[in-house]
1. For a quick check of your reading of the filter: which chymotrypsin sites (Phe, Trp or Tyr not before Pro) in the range 47-128 sit in a DSSP loop and have no more than 12 other Cβ atoms within 10 Å?
2. Shape of the range 12-108 from its Cα gyration tensor (a ≥ b ≥ c, root eigenvalues): rounded if a/c is under 1.5, otherwise prolate when a/b > b/c, or oblate?
3. I need the phi-derived Karplus couplings for the range 119-135: 6.51 cos²θ - 1.76 cosθ + 1.60, θ = phi - 60°, integer Hz, Gly and Pro marked x.
4. For residue 78, list long-range residues whose amide hydrogen, built 1.01 Å from N in the peptide plane, is under 5 Å from its own amide hydrogen.
5. Work out how much length residue 118 to residue 33 would gain on full extension: take 0.36 nm times their residue separation and subtract the Cα-Cα distance, in nm to one decimal.
6. How do the peptides 9-19, 131-141, 146-156, 64-74 rank, highest first, by the average count of neighbouring beta carbon atoms within 10 Å per residue?
7. With r as the distance between the Cβ atoms of residue 75 and residue 161 and R0 = 22 Å, compute the FRET efficiency 1/(1 + (r/R0)^6) and round to 0.05.
8. Cα centroids of the range 19-33 and the range 47-100: how far apart, whole angstrom?
Amino acid sequence: AVTFGPTGALVSGGDDFTVRLWGEVPRVLGWHLGKVATVAISPDGRVAASGSWDGTIHLWPLDGSDGQALPVPGSGVNSVAFDPIGRFLFAGTSKGALLRYDLWDPGATPYPMIQHGFGVNQLIAGDGWVAYGAVDGGTRVIDANTGAPIADFTLDRRPILAMDYHPDTAQIAVGD
(Lines give C-alpha, C1' and ligand atoms only; values in the text may rest on other atoms or scores of the structure.)
Protein backbone atom coordinates (compact mmCIF):
# COMPACT_ATOMS: atom_id res chain seq x y z
CA ALA A 1 0.00 0.00 0.00
CA VAL A 2 1.31 3.47 -0.82
CA THR A 3 0.04 7.05 -0.62
CA PHE A 4 1.21 10.62 -1.03
CA GLY A 5 0.14 13.25 1.49
CA PRO A 6 -0.89 16.83 0.73
CA THR A 7 2.62 18.12 1.44
CA GLY A 8 4.35 15.44 -0.66
CA ALA A 9 5.12 12.93 2.09
CA LEU A 10 5.17 9.35 0.83
CA VAL A 11 4.08 6.53 3.16
CA SER A 12 3.98 2.81 2.40
CA GLY A 13 2.87 -0.34 4.14
CA GLY A 14 3.71 -3.87 3.11
CA ASP A 15 3.95 -7.59 3.52
CA ASP A 16 6.85 -7.09 5.94
CA PHE A 17 4.33 -5.62 8.45
CA THR A 18 6.00 -2.17 8.44
CA VAL A 19 4.71 1.34 7.83
CA ARG A 20 7.45 3.49 6.29
CA LEU A 21 7.91 7.19 5.63
CA TRP A 22 10.06 7.78 2.54
CA GLY A 23 12.26 10.82 1.93
CA GLU A 24 15.85 11.95 2.29
CA VAL A 25 16.16 9.69 5.33
CA PRO A 26 13.57 6.88 5.05
CA ARG A 27 12.38 5.50 8.35
CA VAL A 28 9.97 2.97 9.83
CA LEU A 29 7.04 4.67 11.54
CA GLY A 30 5.88 1.43 13.13
CA TRP A 31 4.87 -2.21 12.77
CA HIS A 32 1.76 -4.34 12.67
CA LEU A 33 1.59 -8.09 13.33
CA GLY A 34 0.37 -8.83 9.80
CA LYS A 35 0.36 -7.49 6.25
CA VAL A 36 -0.30 -3.74 6.03
CA ALA A 37 -3.10 -3.56 3.46
CA THR A 38 -3.83 0.17 3.51
CA VAL A 39 -2.33 3.54 4.37
CA ALA A 40 -3.72 7.08 4.26
CA ILE A 41 -2.36 10.50 5.25
CA SER A 42 -4.48 13.07 7.08
CA PRO A 43 -5.55 16.20 5.17
CA ASP A 44 -3.15 18.35 7.24
CA GLY A 45 -0.28 16.00 6.33
CA ARG A 46 0.74 15.33 9.92
CA VAL A 47 -0.51 11.79 10.57
CA ALA A 48 -0.57 8.52 8.64
CA ALA A 49 -3.18 5.85 9.31
CA SER A 50 -2.51 2.19 8.57
CA GLY A 51 -4.75 -0.85 8.56
CA SER A 52 -3.60 -4.43 8.66
CA TRP A 53 -4.89 -7.91 8.08
CA ASP A 54 -3.93 -8.49 11.73
CA GLY A 55 -7.15 -6.62 12.59
CA THR A 56 -5.58 -3.38 13.83
CA ILE A 57 -5.55 0.28 12.86
CA HIS A 58 -2.76 2.64 13.92
CA LEU A 59 -2.14 6.36 13.68
CA TRP A 60 1.50 7.36 13.10
CA PRO A 61 2.60 11.00 13.53
CA LEU A 62 4.95 11.83 10.66
CA ASP A 63 7.15 13.83 13.04
CA GLY A 64 8.37 10.53 14.52
CA SER A 65 6.53 10.67 17.84
CA ASP A 66 4.84 7.54 19.18
CA GLY A 67 1.97 5.97 17.28
CA GLN A 68 -1.46 5.19 18.65
CA ALA A 69 -3.63 2.10 18.21
CA LEU A 70 -7.34 2.70 17.59
CA PRO A 71 -10.02 0.40 19.02
CA VAL A 72 -9.89 -2.97 17.26
CA PRO A 73 -12.40 -3.19 14.39
CA GLY A 74 -13.08 -6.93 14.80
CA SER A 75 -11.46 -8.27 11.61
CA GLY A 76 -8.75 -7.60 9.06
CA VAL A 77 -8.62 -4.04 7.70
CA ASN A 78 -8.61 -3.63 3.91
CA SER A 79 -8.99 0.14 3.57
CA VAL A 80 -8.81 3.39 5.55
CA ALA A 81 -9.68 6.93 4.48
CA PHE A 82 -9.73 10.32 6.23
CA ASP A 83 -12.61 12.73 5.74
CA PRO A 84 -11.62 16.07 4.13
CA ILE A 85 -11.11 17.89 7.46
CA GLY A 86 -9.39 15.02 9.29
CA ARG A 87 -11.98 14.54 12.01
CA PHE A 88 -13.07 11.07 10.95
CA LEU A 89 -11.17 8.01 9.83
CA PHE A 90 -13.25 5.43 7.98
CA ALA A 91 -12.22 1.77 7.92
CA GLY A 92 -13.42 -1.08 5.72
CA THR A 93 -12.96 -4.61 7.03
CA SER A 94 -12.71 -8.12 5.62
CA LYS A 95 -16.00 -8.99 7.34
CA GLY A 96 -17.87 -6.21 5.51
CA ALA A 97 -18.01 -3.55 8.20
CA LEU A 98 -17.54 0.10 7.38
CA LEU A 99 -16.65 1.92 10.61
CA ARG A 100 -16.20 5.60 11.45
CA TYR A 101 -13.61 6.61 14.06
CA ASP A 102 -13.96 10.08 15.59
CA LEU A 103 -10.37 11.27 15.91
CA TRP A 104 -11.43 14.30 17.96
CA ASP A 105 -12.71 11.84 20.60
CA PRO A 106 -9.99 9.13 20.58
CA GLY A 107 -11.57 7.05 23.34
CA ALA A 108 -14.90 6.76 21.53
CA THR A 109 -16.15 3.45 20.21
CA PRO A 110 -16.09 3.31 16.40
CA TYR A 111 -19.50 3.97 14.84
CA PRO A 112 -20.76 1.14 12.60
CA MET A 113 -21.78 2.87 9.33
CA ILE A 114 -22.88 -0.25 7.43
CA GLN A 115 -22.49 -4.02 7.44
CA HIS A 116 -22.18 -4.98 3.78
CA GLY A 117 -22.05 -8.76 4.12
CA PHE A 118 -18.90 -9.13 2.01
CA GLY A 119 -15.49 -7.61 2.65
CA VAL A 120 -15.11 -3.88 2.02
CA ASN A 121 -11.97 -3.51 -0.12
CA GLN A 122 -11.84 0.19 -1.00
CA LEU A 123 -12.95 3.49 0.55
CA ILE A 124 -13.05 7.13 -0.53
CA ALA A 125 -14.26 9.84 1.83
CA GLY A 126 -15.58 13.14 0.49
CA ASP A 127 -17.42 16.13 1.89
CA GLY A 128 -20.34 14.46 3.69
CA TRP A 129 -20.13 11.12 1.88
CA VAL A 130 -18.18 7.86 1.79
CA ALA A 131 -17.90 5.59 -1.25
CA TYR A 132 -17.00 1.94 -0.88
CA GLY A 133 -16.28 -1.05 -3.07
CA ALA A 134 -16.65 -4.60 -1.86
CA VAL A 135 -15.57 -8.16 -2.62
CA ASP A 136 -18.96 -8.99 -4.19
CA GLY A 137 -18.77 -5.97 -6.52
CA GLY A 138 -21.03 -3.82 -4.36
CA THR A 139 -20.19 -0.19 -5.11
CA ARG A 140 -22.11 2.40 -3.13
CA VAL A 141 -22.03 5.92 -1.74
CA ILE A 142 -23.42 6.56 1.73
CA ASP A 143 -23.94 9.60 3.97
CA ALA A 144 -20.82 10.07 6.12
CA ASN A 145 -22.85 10.96 9.21
CA THR A 146 -25.75 8.53 9.12
CA GLY A 147 -24.77 5.72 6.77
CA ALA A 148 -27.92 6.35 4.72
CA PRO A 149 -27.63 5.31 1.07
CA ILE A 150 -26.93 8.06 -1.46
CA ALA A 151 -26.13 6.05 -4.61
CA ASP A 152 -25.62 2.47 -5.76
CA PHE A 153 -23.63 1.92 -8.93
CA THR A 154 -22.95 -1.79 -8.57
CA LEU A 155 -22.53 -3.34 -12.04
CA ASP A 156 -21.14 -6.89 -11.84
CA ARG A 157 -20.37 -9.31 -9.09
CA ARG A 158 -16.58 -8.84 -9.36
CA PRO A 159 -14.35 -7.64 -6.53
CA ILE A 160 -13.71 -3.91 -6.43
CA LEU A 161 -9.91 -3.57 -6.23
CA ALA A 162 -9.37 0.16 -6.79
CA MET A 163 -11.27 3.43 -6.41
CA ASP A 164 -10.38 7.08 -6.79
CA TYR A 165 -12.19 10.41 -6.82
CA HIS A 166 -11.66 13.36 -9.15
CA PRO A 167 -12.84 16.49 -7.28
CA ASP A 168 -12.92 18.78 -10.32
CA THR A 169 -15.44 16.58 -12.14
CA ALA A 170 -17.05 14.93 -9.07
CA GLN A 171 -16.48 11.52 -10.64
CA ILE A 172 -15.54 8.25 -8.96
CA ALA A 173 -13.40 5.78 -10.90
CA VAL A 174 -13.70 2.10 -10.01
CA GLY A 175 -11.49 -0.83 -10.98
CA ASP A 176 -12.52 -4.44 -10.63
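1. Values: sites: 53, 82, 88, 90, 101, 104, 118; in loops: 53, 104, 118.
Hits after loop and neighbour filter: 104.
2. Oblate, since a/c reaches 1.5 and b/c is not below a/b.
3. Each residue of the range 119-135 in turn: x, 8, 8, 9, 9, 9, 10, x, 6, x, 9, 9, 9, 9, x, 10, 4 Hz.
4. Residues meeting the criterion, in which the H sits 1.01 Å from N, are 92, 93, 94.
5. On the way: separation 85, 0.36 × 85 = 30.60 nm, distance 2.34 nm.
Difference between extended and current length: 28.3 nm.
6. Working: 9-19: 17.4, 131-141: 21.3, 146-156: 11.5, 64-74: 14.0.
With the highest mean Cβ count within 10 Å placed first, the list reads 131-141, 9-19, 64-74, 146-156.
7. Numbers: r = 19 Å, r/R0 = 0.85.
E(calc), rounded to 0.05, equals 0.75.
8. Comparing the Cα centres of the range 19-33 and the range 47-100, I get a distance of 16 Å.
The values are calculated or read from the model by the stated rules, or taken from the named source; none is laboratory data. Since this is a predicted model, take the numbers as computed values, not measurements. As a convention, Cβ positions derive from the backbone with ideal geometry for all residues, glycine included, and neighbour counts pool all protein chains shown. Just the protein is used for accessible areas: all its heavy atoms, side chains included, with ligands, DNA and RNA removed. Shrake-Rupley method; radii C 1.70, N 1.55, O 1.52, S 1.80 Å.
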